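S.K.: One structure, as structure tokens, below. Some questions next.
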Amino acid sequence: MVDQKYYYYLKQSSVEIDKLEFEPQHDRIYVPVSDPLLNSDRWHTGWSGPLFGRNPNYYNPSGWGRLSLKTSNMKWEGTGIMYHGLLPESIVPIISQHGCKATYLTPSIKYAAHPRYSRVNMVDGMFVQFVLEVRVPIGKLTAFKGETMQVGNSGLIDDNFPDNNGMEFLWKSDEVISTDDGLVVTGIMMRVLPTDPLLLKESLWWTKWRTDDMLRQGYYIRR
């Protein structure tokens, strides 16, 4: 089972974990390819480049842990992995299909991690973020050109991608989105950091949308 700290911080961030069904045998922690214990066990999972040439390309979510959720009657063929950043309080309602008729998804966990989407929760001196891992039939996605975080050509959001095009996709349904539409939440991605994620090199683009002070004042939550 994944380090119990993930379940602890999930609960401390106001997520009603007793309302979720987990499959801990499929939990993982993703690490960079430079990690000396790379792929020695599932707590040190990692790879370079796109995995199996999937569409959209699936890259190593290094630095994140995955809490696997129980799924049933999942049709894997023709599906791809996407991400959805969110408030922890929204995790249970979304998984329980108490959602809406449309949702935005991204193939980049770095994009989903922006605090506009994935709020930064401060718990016991640690910085915790949550992103849903979602399986979707690729043919049902509507792509948007570029992104909506005002980065433009001033920098690269995710170095796994050649540019900032294709960072956002829209999933729509005539009714409330459910697994019947083919969208299935397969895991809760988490990262627990001892330092502010805004200070990470991969987060330099965050301040293109708001200043660092505005982000910390409006999108950080002290638990």
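S.K.: Answer rounded, prolate or oblate for the stretch 5-109, using the Cα gyration tensor with square roots of eigenvalues a ≥ b ≥ c: rounded when a/c is under 1.5, else prolate when a/b is larger than b/c, else oblate.
M.R.: Here the stretch 5-109 falls in the oblate category.
S.K.: Expressed as a whole percentage, what fraction of the accessible surface of the chain belongs to carbon and sulfur atoms when a 1.4 Å probe is rolled over the protein heavy atoms?
M.R.: 50
S.K.: Another question, then. Quote to one decimal, in nm, the extra length available between Q12 and I138 on full extension: 0.36 nm per residue of separation minus the C-alpha distance between them.
M.R.: Stretched out fully, the Q12 to I138 stretch lengthens by 41.9 nm.
S.K.: So for the pair K5, K172, with labels modelled 7 Å out along Cα→Cβ, what separation do we get in nm?
M.R.: 4.3
S.K.: Same structure, new question: If the chain between Q150 and D35 were fully stretched, how many nm would it gain, using 0.36 nm times the residue separation less the Cα-Cα distance?
M.R.: Between Q150 and D35, full extension yields 38.1 nm more.
S.K.: How large is log10 I(q)/I(0) at q = 0.09, 0.10, 0.13, 0.18 Å⁻¹ when the Debye formula is applied to the Cα atoms of the chain, each weighted equally and without solvent?
M.R.: -0.34, -0.43, -0.76, -1.60
S.K.: Between T195 and R223, what's the calculated FRET efficiency when r is the beta-carbon distance and R0 is 25 Å? Round to 0.05.
M.R.: So, using R0 = 25 Å, E works out to roughly 0.90.
S.K.: What accessible area per residue, rounded to a whole number of Å², is obtained for the chain using a probe radius of 1.4 Å?
M.R.: Here the residues of the chain average 51 Å² of exposed surface.
S.K.: Expressed as a rounded percentage, what relative contact order does the chain have, with Cα pairs under 8 Å and six or more residues apart?
M.R.: Answer for the chain is 23 percent.
S.K.: For S40, tell me the accessible area in Å² from a 1.4 Å probe, rounded to the nearest 10.
M.R.: Probe radius 1.4 Å; accessible area of S40 about 70 Å².
S.K.: Which value in deg cm²/dmol, rounded to the nearest 500, describes the helix-derived mean residue ellipticity at 222 nm for the chain, given -39,500 (n - 2.57) per DSSP H run of n ≥ 4 and division by the residue count?
M.R.: After summing the helix terms and dividing by residue count, I get -2500 deg cm²/dmol.
S.K.: I would also like to ask the following. If I stretch the segment between R116 and L87 completely, what's the gain in nm (0.36 nm per residue apart, minus their alpha carbon distance), one decimal?
M.R.: 9.5 nm
The values are calculated or read from the model by the stated rules, or taken from the named source; none is laboratory data. Everything numeric here is computed off the predicted structure, so don't read it as measured data. Every residue, glycine among them, receives a Cβ derived from its backbone with ideal geometry; neighbour counts consider all protein chains shown. Surface areas here come from the heavy atoms of the whole protein model, side chains and all, with no ligands, DNA or RNA. Shrake-Rupley method; radii C 1.70, N 1.55, O 1.52, S 1.80 Å.
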